[in-house]
Amino acid sequence: MIELGHMYTYEELVKRMEELAGKYPEYLSLQCAGISHDEREIPVLVLGSSGKCLILSGGIHGRESINPVLLLGMAEDYCERRKRAGEQDETGRILNKYSIYFLPVANPDGYEIALWGFESIRNPVLRHTMRMKEIPHETWKYNARGIDINRNFPCRSYTSRGNMRESASENETKALIDIFAGYPDSVGYIDFHSRGRIIYYYRRAMPFFYNRRGKHMAKKFQQISNYAIGKKREEAASVLDGGNSVNYYSENYEKLAITVETVEDCADFPLDVGYYEKTYQEVSEIPLSFLMEYDRG
C-alpha cells in the first residue's frame, strides 16, 4: 500500500493513512493532533491501545520529505507483523505491550511548499509573506508563517529571534506538545530529520545518567542503521540551535528523546525518491529496537 518509490502529496499521505486505518482497524486508529496555519489537519496514526507508547515524528521541517513516507511504511509493516505474530514471537509481544504513536507529517504546510511550491498555500497573506523571504521553495523548512517549528519549543535552550518572539507560538508546535501531554506514560520519543545519517542523543540540560542511557540507546540504533553518533559539541553548535522538540520532551518528561537524521549530508532538496528504499532498510527497525531495549530495563 505504501510505495517507497513514490513522492506523495499531503492529500495522498492522508488518504494512505485512512486506508491503513481501514485495513487494520483492530490495531490502528487515525486521529487529528491539530490544524496547521493554512488549515490542514495534522494527522496521526496510533498503533495499539496501551498508554505506554513510543512517540515518533517526521516532517517537522518541510523540505525533509522522505521521513513522512518512511513512517507510514513502518506503520504498515508493524501492523502486518503484529497480525502474523504468534504468542511466542518477540515482535508481537512488544507491539501488544506498547503502543506506537506515528506523527508522519508534523508540518503539512511546509511539506507541501517544499515539494510543490508556494502556490500550494491557500491563504494569500501567508503566501505573500513567505515569498518575501526570497527562499527557494525546495529548501523551505519552515511552516506557513515562516517559523522553524524545531526552534519553537519552550525549553531551556529556546531563543527568541526574528519573527519568532514567543515559544510555542505555532499551531504545529502546540499539536506536538499536546501529544506529549496526552501520553504522560510514554516511554520515549524519536524525531526523524534529514540529512547526515547521524544519531543525536545528547541533551545539554539533562543529567549525566540520562545522557549515558541515551548514548547506550544510540549505539543500538547505530548497529541497525550504520549511522554515526553525534558528538556532544555537535548537538548545539550555537545558541540558535535550541528550542527543539527533543529538548522539550526530555526536559519535561525525563525520558529519552533521540534525533535520527536520515540520508547523506550531501543530498539535495527535494530529496530524490531513490533514497527511500535504502533509507527504509536502514531505519525501519529503530522504533522496535527502542521498545525492546526499553522493555529489558
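Read-outs throughout are calculated quantities, based only on the coordinates presented, and are distinct from any laboratory measurement. From a predicted model like this one, the values you see are computed outputs, not experimental measurements. Cβ sites come from the backbone with ideal geometry, for glycine too, and all protein chains shown count toward neighbours.
Brief remarks on what is shown
- Electrostatic tally near GLY59: other residues with Cβ closer than 11 Å to its Cβ, Lys and Arg +1, Asp and Glu -1, net -3.
- Here the simple spin-label model places points 7 Å from the Cα toward Cβ, and for ILE35 and HIS6 these points are separated by 2.9 nm.
- Length gained on full extension, ASN163 to CYS266, computed as 0.36 nm times the residue gap minus the Cα-Cα distance: 34.2 nm.
- Rounded to the nearest 20, the size of the Cβ-charge dipole of the chain about its Cα centre is 1140 debye, with Lys and Arg at +1 and Asp and Glu at -1.
- For the stretch 128-242: relative contact order, % (alpha-carbon pairs under 8 angstrom, 6 or more apart): 24
- 9 Å beta-carbon shell around PRO270, net charge (K/R +1, D/E -1): -2
- ARG233 paired with ASP178, simple spin-label distance in nm, labels 7 Å along Cα-to-beta-carbon: 4.2
- Adding -39500 (n - 2.57) for every DSSP H run of four residues or longer, then dividing by how many residues the chain holds, sets the calculated 222 nm ellipticity at -12500 deg cm²/dmol.
- Full-stretch length increase - ASN123, MET292 - with 0.36 nm per residue and alpha-carbon distance subtracted: 56.4 nm
- For the stretch 78-139, the set of trypsin sites (Lys or Arg not before Pro) satisfying both a DSSP loop assignment and a count of at most 14 other C-beta atoms within 10 Å is given as ARG122, LYS133.
- Alpha-carbon spread of the stretch 1-46, three principal axes, descending order, Å: 31, 27, 11
- Once C-alpha pairs closer than 8 Å and six or more residues apart are averaged by separation and normalised to the residue number of the stretch 201-297, the relative contact order reads 35 percent.
- Taking every C-alpha pair closer than 8 Å and separated by at least 6 residues, the mean separation divided by the residue count of the chain gives a relative contact order of 22 percent.
- Electrostatic tally near GLU11: other residues with Cβ closer than 11 Å to its Cβ, Lys and Arg +1, Asp and Glu -1, net -1.
- The stretch 153-193: trypsin sites (Lys or Arg not before Pro) in DSSP loop, at most 14 other beta carbons within 10 Å: ARG156, ARG165
- Only Lys, Arg (+1) and Asp, Glu (-1) charged, at Cβ; the stretch 1-79 dipole about Cα centre in debye: 220
- About its Cα centre, the dipole of the stretch 1-135 is roughly 280 debye, where the only charges are +1 on Lys and Arg Cβ and -1 on Asp and Glu Cβ.
- Applying the criteria of a DSSP loop state and at most 15 other Cβ atoms within 10 Å to the trypsin sites (Lys or Arg not before Pro) of the stretch 178-249 yields ARG204, LYS231.
- Over 25 Å [Cα-Cα, the stretch 189-288], rounded percent: 18
- Dipole of the stretch 91-168 [Lys/Arg +1, Asp/Glu -1 at C-beta], most positive-end residue of PHE153, ILE94, TYR142: ILE94
- Inter-label distance for ILE135 and ASN226, nm, one decimal - labels placed 7 Å from Cα along Cα-to-Cβ: 3.3
- Treating each Cα of the stretch 51-134 as an identical point scatterer and summing with the Debye formula, the log10 of I(q)/I(0) at q = 0.12, 0.13, 0.17, 0.24 Å⁻¹ comes to -0.50, -0.56, -0.74, -1.08.
- Residue range of the chain that is longest and free of GluC sites (Glu not before Pro) which are both DSSP loop and sparsely packed (at most 16 other C-beta within 10 Å): 167-253
- Rg then Dmax, both in Å and based on the Cα atoms of the stretch 89-130: 18.4, 54.
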